[in-house]
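These notes concern the structure reproduced below.
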Amino acid sequence: MNLHVRPGTALRGKIDLPGDKSLSHRAALFAAIADGESKIDKFLVAGVTEVMLGCLSALGVNWRLEGNTLYVSGKGLSGLTSPEAPLFCGNSATTLRLLAGVLGAAGIPAILDGTPGLRSRPMNRIVSPLQQMGVNVSAAGGGAPLEFHPTTGRLKGIDHTLSVASAQVKSCLLLAGLRAESEIILREPALSRDHTERLLRKSGIEVWSDQAPTRDGANEYITRMRPPDELHLSPLNVSLPADISAAAFLLVAALITPGSELVICDVSTNPTRTGLLDVLAEMGANLRVETKPDQGGEPVGDLVVQASSLHGIEVSGPTVVRMIDEFPAFAVAAAFAQGVTVVRDAEELRYKESDRIQAVCCQLRQLGADIQETRDGFILHGGELRGGLVQAEGDHRLAMSLAVAGLASRDEVSVRGAEIFRESFPGFLDALTALGAEIWAEE
Ligand code: S3P
(Lines give C-alpha, C1' and ligand atoms only; values in the text may rest on other atoms or scores of the structure.)
Protein backbone atom coordinates (compact mmCIF):
# COMPACT_ATOMS: atom_id res chain seq x y z
CA MET A 1 0.00 0.00 0.00
CA ASN A 2 1.11 3.55 -0.75
CA LEU A 3 -0.08 6.28 1.61
CA HIS A 4 -0.31 9.77 0.13
CA VAL A 5 -0.46 12.89 2.30
CA ARG A 6 -1.07 16.41 1.05
CA PRO A 7 0.12 19.36 3.14
CA GLY A 8 -1.91 22.31 4.28
CA THR A 9 -5.04 21.35 6.22
CA ALA A 10 -5.09 22.01 9.95
CA LEU A 11 -5.98 19.13 12.30
CA ARG A 12 -8.79 19.87 14.71
CA GLY A 13 -10.89 17.90 17.13
CA LYS A 14 -10.99 15.49 20.04
CA ILE A 15 -9.99 11.88 19.56
CA ASP A 16 -9.89 8.50 21.32
CA LEU A 17 -7.04 6.19 20.42
CA PRO A 18 -6.59 2.42 20.81
CA GLY A 19 -5.35 0.86 24.03
CA ASP A 20 -1.65 0.82 24.85
CA LYS A 21 0.38 -1.87 23.06
CA SER A 22 2.68 -2.72 25.99
CA LEU A 23 -0.27 -2.90 28.37
CA SER A 24 -2.34 -5.00 25.94
CA HIS A 25 0.45 -7.58 25.65
CA ARG A 26 0.91 -7.76 29.40
CA ALA A 27 -2.80 -7.79 30.23
CA ALA A 28 -3.41 -10.73 27.83
CA LEU A 29 -0.47 -12.65 29.25
CA PHE A 30 -1.31 -12.00 32.91
CA ALA A 31 -4.93 -12.97 32.24
CA ALA A 32 -3.75 -16.22 30.61
CA ILE A 33 -1.79 -17.28 33.69
CA ALA A 34 -4.37 -16.00 36.20
CA ASP A 35 -6.94 -18.25 37.84
CA GLY A 36 -10.36 -17.35 36.41
CA GLU A 37 -12.06 -15.10 33.85
CA SER A 38 -10.53 -11.74 32.94
CA LYS A 39 -12.14 -8.84 31.10
CA ILE A 40 -9.88 -6.29 29.39
CA ASP A 41 -11.56 -3.23 27.84
CA LYS A 42 -9.83 -1.07 25.21
CA PHE A 43 -7.52 -3.93 24.27
CA LEU A 44 -5.36 -3.04 21.24
CA VAL A 45 -6.59 -5.17 18.33
CA ALA A 46 -3.68 -5.01 15.88
CA GLY A 47 -1.07 -7.15 14.14
CA VAL A 48 1.27 -7.37 17.13
CA THR A 49 -1.41 -8.41 19.62
CA GLU A 50 -2.99 -10.88 17.17
CA VAL A 51 0.24 -12.90 17.23
CA MET A 52 0.26 -12.80 21.05
CA LEU A 53 -3.33 -14.09 21.13
CA GLY A 54 -2.49 -16.78 18.55
CA CYS A 55 0.37 -17.99 20.77
CA LEU A 56 -1.92 -18.06 23.82
CA SER A 57 -4.43 -20.22 21.90
CA ALA A 58 -1.60 -22.61 20.99
CA LEU A 59 -0.77 -22.84 24.72
CA GLY A 60 -4.33 -23.98 25.43
CA VAL A 61 -5.76 -20.65 26.61
CA ASN A 62 -9.31 -19.75 25.58
CA TRP A 63 -10.12 -16.13 24.83
CA ARG A 64 -12.62 -14.18 22.78
CA LEU A 65 -12.79 -10.62 21.47
CA GLU A 66 -16.02 -8.62 21.42
CA GLY A 67 -15.07 -5.42 19.60
CA ASN A 68 -12.03 -4.30 21.54
CA THR A 69 -12.99 -6.07 24.77
CA LEU A 70 -10.91 -9.18 25.39
CA TYR A 71 -12.23 -11.99 27.59
CA VAL A 72 -9.67 -14.58 28.72
CA SER A 73 -10.22 -17.83 30.64
CA GLY A 74 -7.06 -18.03 32.71
CA LYS A 75 -5.36 -21.42 33.01
CA GLY A 76 -2.90 -20.66 35.76
CA LEU A 77 0.81 -21.06 35.00
CA SER A 78 0.65 -24.82 35.52
CA GLY A 79 -2.38 -25.17 33.21
CA LEU A 80 -0.53 -24.06 30.05
CA THR A 81 -0.05 -26.94 27.60
CA SER A 82 2.88 -27.59 25.33
CA PRO A 83 2.11 -26.34 21.78
CA GLU A 84 2.23 -28.79 18.86
CA ALA A 85 3.94 -26.36 16.45
CA PRO A 86 6.41 -23.51 16.97
CA LEU A 87 4.77 -20.43 18.50
CA PHE A 88 4.79 -17.78 15.78
CA CYS A 89 5.49 -14.30 17.20
CA GLY A 90 5.41 -12.51 13.82
CA ASN A 91 7.55 -9.40 13.99
CA SER A 92 6.76 -8.76 17.66
CA ALA A 93 9.76 -8.85 20.00
CA THR A 94 7.49 -8.04 22.94
CA THR A 95 5.45 -11.17 22.24
CA LEU A 96 8.57 -13.31 21.99
CA ARG A 97 10.49 -11.93 24.97
CA LEU A 98 7.53 -11.85 27.36
CA LEU A 99 6.39 -15.33 26.34
CA ALA A 100 9.95 -16.57 26.85
CA GLY A 101 9.64 -15.56 30.52
CA VAL A 102 6.29 -17.32 30.90
CA LEU A 103 7.58 -20.49 29.17
CA GLY A 104 10.64 -20.41 31.43
CA ALA A 105 8.37 -20.32 34.47
CA ALA A 106 5.95 -22.93 33.09
CA GLY A 107 8.81 -25.33 32.30
CA ILE A 108 7.04 -26.78 29.25
CA PRO A 109 8.66 -27.64 25.92
CA ALA A 110 7.98 -25.09 23.16
CA ILE A 111 9.66 -23.23 20.32
CA LEU A 112 9.37 -19.45 19.91
CA ASP A 113 9.89 -18.18 16.39
CA GLY A 114 8.97 -15.28 14.11
CA THR A 115 9.62 -13.47 10.84
CA PRO A 116 13.14 -13.12 9.41
CA GLY A 117 13.12 -9.57 10.88
CA LEU A 118 12.42 -10.91 14.38
CA ARG A 119 14.98 -13.70 13.95
CA SER A 120 17.66 -11.07 13.38
CA ARG A 121 16.97 -9.27 16.69
CA PRO A 122 19.22 -9.93 19.70
CA MET A 123 17.90 -12.65 22.04
CA ASN A 124 21.04 -13.50 23.98
CA ARG A 125 20.07 -10.73 26.37
CA ILE A 126 17.23 -13.03 27.59
CA VAL A 127 18.64 -16.47 26.78
CA SER A 128 21.76 -16.16 28.87
CA PRO A 129 20.10 -14.93 32.14
CA LEU A 130 17.24 -17.45 31.67
CA GLN A 131 19.87 -20.21 31.44
CA GLN A 132 21.53 -18.87 34.60
CA MET A 133 18.17 -19.20 36.34
CA GLY A 134 18.06 -22.87 35.30
CA VAL A 135 15.73 -22.61 32.30
CA ASN A 136 16.61 -25.21 29.69
CA VAL A 137 16.53 -22.94 26.62
CA SER A 138 18.76 -22.68 23.59
CA ALA A 139 19.07 -20.27 20.67
CA ALA A 140 21.42 -21.26 17.89
CA GLY A 141 23.21 -18.07 16.80
CA GLY A 142 21.83 -15.92 19.62
CA GLY A 143 18.46 -15.24 17.98
CA ALA A 144 15.06 -16.86 17.37
CA PRO A 145 14.03 -19.64 17.11
CA LEU A 146 14.32 -20.21 20.86
CA GLU A 147 13.88 -23.81 21.95
CA PHE A 148 12.55 -24.55 25.45
CA HIS A 149 12.98 -28.05 26.91
CA PRO A 150 11.10 -29.24 30.00
CA THR A 151 12.37 -28.01 33.39
CA THR A 152 11.07 -29.25 36.70
CA GLY A 153 11.24 -27.81 40.20
CA ARG A 154 11.85 -24.18 41.04
CA LEU A 155 14.24 -21.90 39.17
CA LYS A 156 17.17 -20.09 40.79
CA GLY A 157 16.98 -16.42 41.72
CA ILE A 158 19.29 -14.04 39.88
CA ASP A 159 21.17 -10.77 40.36
CA HIS A 160 21.56 -9.56 36.80
CA THR A 161 22.87 -6.34 35.25
CA LEU A 162 21.26 -5.42 31.93
CA SER A 163 23.79 -3.77 29.61
CA VAL A 164 20.96 -1.78 28.01
CA ALA A 165 17.78 -0.64 29.79
CA SER A 166 15.01 -2.87 28.42
CA ALA A 167 11.50 -3.49 29.70
CA GLN A 168 11.23 -6.57 27.50
CA VAL A 169 14.28 -8.17 29.12
CA LYS A 170 13.25 -7.04 32.61
CA SER A 171 9.70 -8.36 32.12
CA CYS A 172 10.93 -11.68 30.72
CA LEU A 173 13.09 -12.29 33.79
CA LEU A 174 10.43 -11.13 36.26
CA LEU A 175 7.89 -13.48 34.65
CA ALA A 176 10.34 -16.41 34.72
CA GLY A 177 11.12 -15.43 38.31
CA LEU A 178 7.53 -16.19 39.33
CA ARG A 179 8.75 -19.78 39.73
CA ALA A 180 12.12 -18.92 41.30
CA GLU A 181 13.09 -20.01 44.80
CA SER A 182 14.81 -16.75 45.71
CA GLU A 183 14.92 -13.05 44.89
CA ILE A 184 15.16 -11.61 41.37
CA ILE A 185 17.37 -8.49 41.22
CA LEU A 186 17.62 -6.60 37.94
CA ARG A 187 19.93 -3.64 37.45
CA GLU A 188 19.39 -1.22 34.55
CA PRO A 189 21.36 1.88 33.51
CA ALA A 190 18.03 3.78 33.28
CA LEU A 191 14.53 2.84 34.38
CA SER A 192 12.62 1.23 31.49
CA ARG A 193 8.79 1.10 31.41
CA ASP A 194 7.44 -0.46 34.58
CA HIS A 195 4.06 -1.87 33.46
CA THR A 196 4.96 -5.45 34.41
CA GLU A 197 5.97 -4.40 37.92
CA ARG A 198 2.67 -2.51 38.37
CA LEU A 199 0.66 -5.56 37.27
CA LEU A 200 2.67 -7.85 39.55
CA ARG A 201 2.12 -5.50 42.49
CA LYS A 202 -1.61 -5.37 41.69
CA SER A 203 -1.54 -9.18 42.03
CA GLY A 204 -0.02 -8.94 45.48
CA ILE A 205 3.53 -9.88 44.48
CA GLU A 206 6.32 -7.98 46.21
CA VAL A 207 8.19 -5.88 43.64
CA TRP A 208 10.00 -2.67 44.38
CA SER A 209 12.57 -0.43 42.70
CA ASP A 210 15.21 1.98 43.83
CA GLN A 211 18.15 3.89 42.53
CA ALA A 212 21.77 3.63 43.68
CA PRO A 213 25.15 4.98 42.57
CA THR A 214 27.47 2.44 40.92
CA ARG A 215 31.22 2.16 41.59
CA ASP A 216 32.01 4.31 38.54
CA GLY A 217 29.73 7.10 39.78
CA ALA A 218 26.84 6.45 37.38
CA ASN A 219 23.30 5.65 38.55
CA GLU A 220 21.77 2.19 38.58
CA TYR A 221 18.03 1.45 38.69
CA ILE A 222 17.33 -1.72 40.63
CA THR A 223 14.12 -3.73 40.40
CA ARG A 224 13.65 -6.51 42.97
CA MET A 225 10.97 -9.17 43.17
CA ARG A 226 10.36 -11.68 45.95
CA PRO A 227 8.80 -14.71 44.20
CA PRO A 228 5.58 -15.98 45.78
CA ASP A 229 5.60 -19.39 47.52
CA GLU A 230 2.61 -20.38 45.46
CA LEU A 231 1.46 -18.50 42.40
CA HIS A 232 -2.20 -17.52 42.23
CA LEU A 233 -2.85 -14.47 40.10
CA SER A 234 -6.29 -12.89 40.33
CA PRO A 235 -8.13 -12.31 37.05
CA LEU A 236 -8.08 -8.79 35.61
CA ASN A 237 -11.01 -6.46 35.17
CA VAL A 238 -9.43 -3.39 33.59
CA SER A 239 -9.88 -0.73 30.96
CA LEU A 240 -6.60 0.15 29.29
CA PRO A 241 -5.50 3.74 28.67
CA ALA A 242 -4.71 4.90 25.13
CA ASP A 243 -1.22 4.35 23.77
CA ILE A 244 1.12 7.33 24.17
CA SER A 245 3.28 5.85 21.42
CA ALA A 246 0.31 6.07 19.01
CA ALA A 247 -0.60 9.52 20.37
CA ALA A 248 2.95 10.63 19.48
CA PHE A 249 2.13 10.68 15.74
CA LEU A 250 -0.90 12.90 16.25
CA LEU A 251 0.92 15.16 18.70
CA VAL A 252 3.69 15.79 16.21
CA ALA A 253 1.14 16.14 13.38
CA ALA A 254 -0.69 18.87 15.31
CA LEU A 255 2.51 20.67 16.34
CA ILE A 256 3.90 20.97 12.81
CA THR A 257 0.64 21.74 10.94
CA PRO A 258 -0.31 25.43 11.24
CA GLY A 259 -3.73 26.13 12.76
CA SER A 260 -4.04 22.71 14.43
CA GLU A 261 -5.63 22.15 17.83
CA LEU A 262 -6.22 18.64 19.24
CA VAL A 263 -7.32 16.84 22.37
CA ILE A 264 -6.18 13.21 22.63
CA CYS A 265 -8.23 11.49 25.32
CA ASP A 266 -7.26 9.14 28.16
CA VAL A 267 -3.64 8.58 27.22
CA SER A 268 -1.27 6.57 29.41
CA THR A 269 1.03 9.07 31.13
CA ASN A 270 3.19 6.58 33.01
CA PRO A 271 6.36 8.60 33.76
CA THR A 272 8.54 5.84 32.28
CA ARG A 273 6.87 6.58 28.92
CA THR A 274 6.51 10.37 28.79
CA GLY A 275 9.98 11.38 27.58
CA LEU A 276 8.56 12.76 24.33
CA LEU A 277 6.17 15.10 26.19
CA ASP A 278 9.07 16.57 28.19
CA VAL A 279 11.27 16.94 25.13
CA LEU A 280 8.53 18.57 23.01
CA ALA A 281 7.73 20.99 25.84
CA GLU A 282 11.41 21.97 25.96
CA MET A 283 11.33 22.53 22.19
CA GLY A 284 8.58 25.11 22.70
CA ALA A 285 5.49 22.95 22.13
CA ASN A 286 2.15 24.33 23.26
CA LEU A 287 1.16 21.10 24.99
CA ARG A 288 -0.44 20.26 28.29
CA VAL A 289 -1.65 17.18 30.15
CA GLU A 290 -5.04 17.28 31.90
CA THR A 291 -4.77 14.58 34.54
CA LYS A 292 -7.60 12.02 34.76
CA PRO A 293 -8.19 9.22 37.30
CA ASP A 294 -5.77 6.25 37.03
CA GLN A 295 -6.87 3.26 34.90
CA GLY A 296 -5.75 -0.25 35.83
CA GLY A 297 -2.99 1.10 38.07
CA GLU A 298 -1.60 3.38 35.35
CA PRO A 299 -1.64 7.20 35.31
CA VAL A 300 -3.83 8.74 32.59
CA GLY A 301 -4.43 12.18 31.09
CA ASP A 302 -5.89 14.05 28.13
CA LEU A 303 -3.21 15.59 25.92
CA VAL A 304 -4.11 19.07 24.70
CA VAL A 305 -1.88 20.36 21.88
CA GLN A 306 -1.70 23.29 19.49
CA ALA A 307 0.49 24.00 16.45
CA SER A 308 3.72 25.58 17.70
CA SER A 309 7.05 27.01 16.54
CA LEU A 310 9.62 24.51 17.72
CA HIS A 311 13.37 24.85 18.19
CA GLY A 312 16.11 22.21 18.12
CA ILE A 313 17.22 20.33 21.25
CA GLU A 314 19.74 17.78 22.55
CA VAL A 315 18.37 14.42 23.72
CA SER A 316 20.56 11.91 25.59
CA GLY A 317 20.84 9.77 28.74
CA PRO A 318 17.81 8.35 30.62
CA THR A 319 15.35 10.47 28.55
CA VAL A 320 16.17 8.24 25.56
CA VAL A 321 14.73 5.22 27.39
CA ARG A 322 11.57 7.13 28.34
CA MET A 323 10.85 7.81 24.64
CA ILE A 324 12.54 4.80 23.01
CA ASP A 325 9.67 4.15 20.55
CA GLU A 326 9.08 7.81 19.73
CA PHE A 327 12.28 8.71 17.84
CA PRO A 328 10.83 8.41 14.32
CA ALA A 329 7.99 10.82 15.27
CA PHE A 330 10.38 13.04 17.23
CA ALA A 331 12.75 13.26 14.24
CA VAL A 332 9.88 14.60 12.13
CA ALA A 333 9.14 17.28 14.76
CA ALA A 334 12.87 18.14 14.81
CA ALA A 335 12.93 18.39 11.00
CA PHE A 336 10.41 21.26 11.26
CA ALA A 337 12.12 22.88 14.27
CA GLN A 338 14.47 25.85 13.88
CA GLY A 339 18.11 25.05 14.62
CA VAL A 340 20.06 21.93 15.42
CA THR A 341 18.80 18.75 17.11
CA VAL A 342 21.32 16.23 18.44
CA VAL A 343 20.40 12.71 19.63
CA ARG A 344 22.99 10.69 21.59
CA ASP A 345 23.02 7.47 23.67
CA ALA A 346 20.36 5.91 21.45
CA GLU A 347 22.28 3.05 19.80
CA GLU A 348 19.51 0.66 20.94
CA LEU A 349 17.38 2.16 18.13
CA ARG A 350 19.46 0.09 15.72
CA TYR A 351 17.83 -3.10 17.13
CA LYS A 352 14.14 -2.21 16.73
CA GLU A 353 11.75 -3.14 13.89
CA SER A 354 14.36 -1.57 11.60
CA ASP A 355 17.75 -0.01 12.27
CA ARG A 356 15.88 3.14 13.21
CA ILE A 357 18.91 5.44 13.17
CA GLN A 358 19.83 4.45 9.65
CA ALA A 359 16.21 4.24 8.42
CA VAL A 360 15.09 7.60 9.88
CA CYS A 361 18.17 9.37 8.48
CA CYS A 362 17.87 7.77 5.05
CA GLN A 363 14.13 8.41 4.63
CA LEU A 364 14.12 11.96 6.02
CA ARG A 365 17.01 12.81 3.71
CA GLN A 366 14.77 11.63 0.83
CA LEU A 367 12.29 14.30 1.93
CA GLY A 368 15.00 16.97 1.92
CA ALA A 369 16.24 16.92 5.54
CA ASP A 370 19.79 17.89 6.45
CA ILE A 371 20.41 14.92 8.77
CA GLN A 372 23.60 13.08 9.60
CA GLU A 373 23.78 9.60 11.12
CA THR A 374 26.08 9.03 14.10
CA ARG A 375 26.91 5.78 15.92
CA ASP A 376 24.33 6.37 18.65
CA GLY A 377 21.94 8.92 17.18
CA PHE A 378 21.80 11.72 14.63
CA ILE A 379 22.42 15.43 14.06
CA LEU A 380 19.61 17.25 12.29
CA HIS A 381 19.56 20.85 11.03
CA GLY A 382 15.84 21.60 11.06
CA GLY A 383 13.68 24.05 9.13
CA GLU A 384 11.45 22.48 6.51
CA LEU A 385 10.95 19.40 4.34
CA ARG A 386 10.42 19.28 0.59
CA GLY A 387 8.29 16.12 0.32
CA GLY A 388 8.65 13.19 -2.08
CA LEU A 389 8.52 9.38 -2.18
CA VAL A 390 9.81 7.36 0.81
CA GLN A 391 9.84 3.73 2.00
CA ALA A 392 8.40 2.38 5.27
CA GLU A 393 11.24 -0.20 5.46
CA GLY A 394 8.91 -2.70 7.17
CA ASP A 395 8.69 -0.46 10.25
CA HIS A 396 5.22 0.62 11.47
CA ARG A 397 6.51 3.64 13.39
CA LEU A 398 8.60 4.87 10.47
CA ALA A 399 5.60 4.53 8.12
CA MET A 400 3.35 6.67 10.33
CA SER A 401 6.04 9.27 11.07
CA LEU A 402 6.82 9.78 7.39
CA ALA A 403 3.12 10.14 6.61
CA VAL A 404 2.85 12.81 9.32
CA ALA A 405 5.77 14.67 7.73
CA GLY A 406 3.58 15.10 4.64
CA LEU A 407 1.15 17.32 6.57
CA ALA A 408 3.68 20.15 6.74
CA SER A 409 6.04 19.48 3.81
CA ARG A 410 6.18 21.80 0.79
CA ASP A 411 4.90 19.07 -1.54
CA GLU A 412 3.01 15.80 -1.13
CA VAL A 413 4.64 12.82 0.67
CA SER A 414 4.03 9.24 -0.53
CA VAL A 415 4.99 6.33 1.74
CA ARG A 416 5.55 2.98 0.04
CA GLY A 417 4.88 -0.20 2.06
CA ALA A 418 2.77 1.85 4.48
CA GLU A 419 0.34 -1.02 5.28
CA ILE A 420 2.77 -1.99 8.04
CA PHE A 421 1.10 0.70 10.23
CA ARG A 422 -1.59 -1.92 10.95
CA GLU A 423 0.92 -3.69 13.20
CA SER A 424 0.34 -1.24 16.06
CA PHE A 425 -2.26 1.41 15.02
CA PRO A 426 -4.76 0.06 12.48
CA GLY A 427 -6.94 3.18 12.89
CA PHE A 428 -4.13 5.61 11.97
CA LEU A 429 -5.52 6.58 8.56
CA ASP A 430 -9.08 7.00 9.87
CA ALA A 431 -7.86 9.03 12.85
CA LEU A 432 -5.97 11.51 10.66
CA THR A 433 -8.87 11.70 8.19
CA ALA A 434 -11.37 12.36 11.00
CA LEU A 435 -9.18 15.24 12.22
CA GLY A 436 -9.20 16.83 8.76
CA ALA A 437 -5.97 15.61 7.12
CA GLU A 438 -5.81 15.01 3.37
CA ILE A 439 -4.47 11.46 3.43
CA TRP A 440 -5.44 8.49 1.27
CA ALA A 441 -4.30 4.97 0.55
CA GLU A 442 -3.64 3.32 -2.78
CA GLU A 443 -3.48 -0.49 -2.64
C1 S3P B 1 8.34 -2.69 25.04
C2 S3P B 1 9.59 -2.27 25.37
C3 S3P B 1 10.49 -1.55 24.46
C4 S3P B 1 9.75 -1.00 23.25
C5 S3P B 1 8.76 -1.97 22.68
C6 S3P B 1 7.75 -2.40 23.73
C7 S3P B 1 7.55 -3.44 26.04
O8 S3P B 1 11.52 -2.44 24.08
O9 S3P B 1 10.67 -0.63 22.25
O10 S3P B 1 8.05 -1.39 21.60
O11 S3P B 1 6.33 -3.54 25.88
O12 S3P B 1 8.15 -3.91 27.00
P13 S3P B 1 12.84 -2.59 25.01
O14 S3P B 1 12.38 -2.63 26.38
O15 S3P B 1 13.51 -3.83 24.61
O16 S3P B 1 13.64 -1.36 24.70
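Points worth noting:
- Lone qualifier among Ala333, Ala329, Ala369, Ala337 - being among the aliphatic types (A, V, I, L, M), touching a residue at least 60 places away in the same chain (Cβ under 8 Å) and over 26 Å from Gly47 (Cα atoms): Ala333
- Being within 26 Å of Ser316 (Cβ to Cβ) and assigned to a strand (DSSP E or B) holds for only one residue in Leu276, Leu287, Leu255, and it is Leu287.
- Qualifying positions in region 181-201 - surrounded by 24 or more Cβ atoms within 10 Å (Cβ to Cβ) and over 21 Å from the mean Cα position of the chain (by Cα): Ile184
- Among the residues listed as Ser57, Ser78, the single one being touching a Phe, Trp or Tyr at 6+ places or on another chain (Cβ under 8 Å) and open to solvent by 10 Å² or more (accessible area, probe 1.4 Å): Ser57
- Of the candidates Ser203, Ser209, Ser163, the single residue that is more than 19 Å from Gly297 (Cα to Cα) and polar (S, T, N, Q) is Ser163.
- Test: Ala246 is open to solvent by less than 30 Å² (accessible area, probe 1.4 Å), within 21 Å of the chain's Cα centre (by Cα) and within 30 Å of Ser73 (Cα to Cα): yes
- Residue check for Asp229: away from the ligand (no atom under 16 Å from the Cβ), out of contact with any strand residue (DSSP E or B) (no Cβ under 6 Å at 6 or more places or on another chain) and within 23 Å of Val332 (Cβ to Cβ): no
- Qualifying residue in region 222-239 (condition: under 23 Å from the mean Cα position of the chain (by Cα) and within 27 Å of Ile439 (Cα to Cα)): no
- Residue tally, condition of a type outside the set (Ser, Thr, Tyr), at pLDDT 95 or above and open to solvent by 20 Å² or more (accessible area, probe 1.4 Å), over region 229-243: 2
- Residue within region 156-176 that is over 23 Å from Ala218 (Cα atoms), part of a strand (DSSP E or B) and more than 15 Å from the ligand (Cβ to nearest atom) present: no
- Cβ separations smaller than 6 Å between residues 6+ apart or across chains give the following pairs from region 69-90 residues that are of a type in the set (Val, Ile, Thr) to residues that are at pLDDT 95 or above and open to solvent by 60 Å² or more (accessible area, probe 1.4 Å): Val72/Trp63.
- Residue list for region 303-352, filter: within 24 Å of Asp243 (Cβ to Cβ), open to solvent by 50 Å² or more (accessible area, probe 1.4 Å) and away from the ligand (no atom under 16 Å from the Cβ): Gln306
- Residues being open to solvent by less than 20 Å² (accessible area, probe 1.4 Å) and more than 19 Å from Cys89 (Cβ to Cβ) - total across region 130-155: 2
- Residue within region 244-251 that is among the aromatic types (Phe, Trp, Tyr) and either part of a strand (DSSP E or B) or touching a Phe, Trp or Tyr at 6+ places or on another chain (Cβ under 6 Å) (or both) present: no
- Selection status of Leu178, over 28 Å from Leu349 (Cβ atoms), at pLDDT 95 or above and crowded, with 22+ Cβ neighbours inside 10 Å: yes
- Failed condition for Val360, given (1) in contact with a Gly (Cβ under 8 Å, 6 or more places away or on another chain); (2) touching a residue at least 24 places away in the same chain (Cβ under 8 Å); (3) more than 14 Å from the ligand (Cβ to nearest atom); (4) not hydroxyl-bearing (Ser, Thr, Tyr): (1)
So that you can scan it fast, the table gives a plain yes or no per residue for (1) touching a strand residue (DSSP E or B) at 6+ places or on another chain (Cβ under 8 Å); (2) touching a residue at least 60 places away in the same chain (Cβ under 8 Å):
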residue: Ile40; (1), (2): yes, yes
residue: Glu50; (1), (2): no, no
residue: Ala93; (1), (2): no, yes
residue: Leu103; (1), (2): yes, no
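- Every pair of residues 6+ apart whose Cβ atoms lie under 8 Å, when the first sits in region 196-208 and is assigned to a helix (DSSP H, G or I) while the second is of a type in the set (Phe, Trp, Tyr): Leu199/Phe30
- Among the residues making up region 83-103, a single one is charged (D, E, K, R) and within 12 Å of the ligand (Cβ to nearest atom): Arg97.
- So Ile111, is it open to solvent by less than 10 Å² (accessible area, probe 1.4 Å) and modelled with pLDDT of 95 or more: no
- Any strands (runs of 3 or more DSSP E) falling wholly within region 1-119 and containing at least 2 residues that are over 30 Å from Pro258 (Cα atoms): 35-41, 62-66, 69-75, 110-113
- Gly275 vs. criteria modelled with pLDDT of 95 or more and farther than 21 Å from Leu407 by Cβ: yes
- Some residue of region 397-407 being more than 19 Å from the chain's Cα centre (by Cα) and open to solvent by 10 Å² or more (accessible area, probe 1.4 Å): no
The values are calculated or read from the model by the stated rules, or taken from the named source; none is laboratory data. This structure is a prediction, so every number in the text was calculated from the model and none was measured. No Cβ is skipped: glycine too gets one built from the backbone with ideal geometry, and neighbour counts run over all protein chains shown. Accessible surface areas use protein heavy atoms only, side chains included; no ligands, DNA or RNA. Shrake-Rupley method; radii C 1.70, N 1.55, O 1.52, S 1.80 Å.
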